[in-house]
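Colleague: I am attaching a structure below and will ask some questions about it afterwards.
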Amino acid sequence: MNRRTFWTMAALLGLALAPWLAHAAPAGIEAFAIAPDGKGGQKYTVTIQILALMTALTFLPAVLLSMTSFTRIMIVLAILRQALGTAQTPNNQVLMGLSLFLTLFTMGPVLDKVNEQALQPYLKEQVADSVALERALDPFRQFMLKQTRETDLELFVRISGKPAIESPEQTPFSLLAPAFLISELKTAFQMGFLLFLPFLIIDLVVATILMSMGMMMLSPMVISLPFKLMLFVLVDGWAMVVETLAASFFVE
């Protein structure tokens, strides 16, 4: 499932650019233009279409990550590391890899719908590119609406100065995407606050004990770190955090 969803995500950019490419180059995209240089040789130039496509590829991670569960997962894991007080352990690469795989897991149903409703019919030439693009965006729209607070949607509608939207399903992506990100930030901070509390209590207890013993020169973080790690391991903290994160996207 992971490989299929990965290629589905990779194919979304090509699907999104298909209408523009079809309009820009009806007879196909030429990767190189060859022209004589007047000295018996040839000159090779890259076409504008290929340059535009390669430039658009650089925006693929930002576009996909802003429409998926990656933001919430990455922020919660970063706050958890801060609460544990382990500095750069686990490091950013480990947290990024874990966040990406959890994103693939939580977005699996959405990507399966995109693959079934849009990508496969488009590859089989059963639907036009514009229809396939609309079908591909619809599962993402439903996912984002489910995770977005109505107050955040109303905020961006009010800021944009556009007339009131009759139903959330009619919200354009230009308003839905920032509202979704704001909601994800709020949810991630709420989950991070709950994760921080037990470790904060341990820090306070250790600091109080050290002060009562007159050991003010000894950092409470050094003493509390083993206790926080022991608590986190005993309660199987990683499994609990991952389960909570995954469940937060599947709860109706």
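The values are calculated or read from the model by the stated rules, or taken from the named source; none is laboratory data. Just so it is clear, the structure is predicted and the values come from calculations on it, not from any experiment. Neighbour counts are summed over all protein chains in view; Cβ atoms, including those assigned to glycine, are modelled from backbone coordinates with ideal geometry. Note: areas computed on protein heavy atoms with side chains; ligands, DNA, RNA excluded. Shrake-Rupley method; radii C 1.70, N 1.55, O 1.52, S 1.80 Å.
Colleague: Determine, yes or no, whether Q170 is of a type in the set (S, T, N, Q), under 24 Å from the mean Cα position of the chain (by Cα), at pLDDT 85 or above and open to solvent by 90 Å² or more (accessible area, probe 1.4 Å).
Modeller: In short, no.
Colleague: Ok, one more. What is the one condition in (1) aliphatic (A, V, I, L, M); (2) surrounded by fewer than 20 Cβ atoms within 10 Å (Cβ to Cβ); (3) at pLDDT 90 or above that L51 does not satisfy?
Modeller: Every listed condition holds for L51 apart from (3).
Colleague: Scan the range 241-252 for residues that are open to solvent by less than 100 Å² (accessible area, probe 1.4 Å) and either acidic (D, E) or free of Cβ contacts under 8 Å to residues at least 12 places away in the same chain (or both) and jot them down. Talk me through it step by step, then tell me what you get.
Modeller: Let us first name the residues in the range 241-252 that are open to solvent by less than 100 Å² (accessible area, probe 1.4 Å), namely 241-242, 244-251.
Passing the criteria: A247, V251.
Colleague: Another one. So L77 passes all but one of these: (1) in a helix (DSSP H, G or I); (2) aliphatic (A, V, I, L, M); (3) more than 30 Å from L225 (Cβ to Cβ). Which condition number does it fail?
Modeller: It fails just one condition, (3).
Colleague: Next up: Q120 - would you say it is closer than 24 Å to G237 by Cβ, at pLDDT below 90, out of contact with any helix residue (DSSP H, G or I) (no Cβ under 7 Å at 6 or more places or on another chain) and in a helix (DSSP H, G or I)?
Modeller: Spelling it out, it is not the case that Q120 is closer than 24 Å to G237 by Cβ, at pLDDT below 90, out of contact with any helix residue (DSSP H, G or I) (no Cβ under 7 Å at 6 or more places or on another chain) and in a helix (DSSP H, G or I).
Colleague: Take the residues of the range 142-154 that are assigned to a helix (DSSP H, G or I) and open to solvent by less than 40 Å² (accessible area, probe 1.4 Å): which is nearest to M67 (Cα to Cα)?
Modeller: Initial filter on the range 142-154 (assigned to a helix (DSSP H, G or I)): 142-147, 150-154.
Those still in the list that are open to solvent by less than 40 Å² (accessible area, probe 1.4 Å) too: 143-145, 147, 152-153.
Working: F143: 9, M144: 7, L145: 11, Q147: 11, D152: 15, L153: 15 Å.
In this case the residue turns out to be M144.
Colleague: Pairs needed: first member in the range 87-104, closer than 19 Å to F249 by Cβ; second member anywhere, loosely packed, with under 11 Cβ neighbours inside 10 Å and not charged (D, E, K, R); C-beta distance under 6 Å; at least 6 residues apart or different chains.
Modeller: These pairs meet every condition: L104/N2.
Colleague: Among R81, R158, which is charged (D, E, K, R) and either closer than 21 Å to A188 by Cβ or in contact (Cβ under 8 Å) with a residue 12 or more places away in the chain (or both)?
Modeller: R81
Colleague: Another question, then. Any residue that is open to solvent by 80 Å² or more (accessible area, probe 1.4 Å), touching an Asp or Glu at 6+ places or on another chain (Cβ under 7 Å) and either of a type outside the set (K, R) or at pLDDT below 75 (or both) - is there at least one of those in the range 23-42?
Modeller: Scanning the range 23-42 turns up no residue that is open to solvent by 80 Å² or more (accessible area, probe 1.4 Å), touching an Asp or Glu at 6+ places or on another chain (Cβ under 7 Å) and either of a type outside the set (K, R) or at pLDDT below 75 (or both).
Colleague: Let me confirm something: among S130, S160, S99, which residue is among the hydroxyl-bearing types (S, T, Y), in contact with a helix residue (DSSP H, G or I) (Cβ under 7 Å, 6 or more places away or on another chain) and under 30 Å from V222 (Cα atoms)?
Modeller: Result: S99 is the single residue among S130, S160, S99 that is among the hydroxyl-bearing types (S, T, Y), in contact with a helix residue (DSSP H, G or I) (Cβ under 7 Å, 6 or more places away or on another chain) and under 30 Å from V222 (Cα atoms).
Colleague: Confirm whether P61 is without any contact (Cβ under 8 Å) to a residue 60 or more places away in the chain, part of a helix (DSSP H, G or I), open to solvent by 30 Å² or more (accessible area, probe 1.4 Å) and not polar (S, T, N, Q).
Modeller: Working: without any contact (Cβ under 8 Å) to a residue 60 or more places away in the chain: yes; part of a helix (DSSP H, G or I): yes; open to solvent by 30 Å² or more (accessible area, probe 1.4 Å): yes; not polar (S, T, N, Q): yes.
In short, yes.
Colleague: On to the next question. What's the number of the condition G214 fails, among (1) open to solvent by 70 Å² or more (accessible area, probe 1.4 Å); (2) at pLDDT below 90?
Modeller: Only one criterion is unmet by G214, namely (1).
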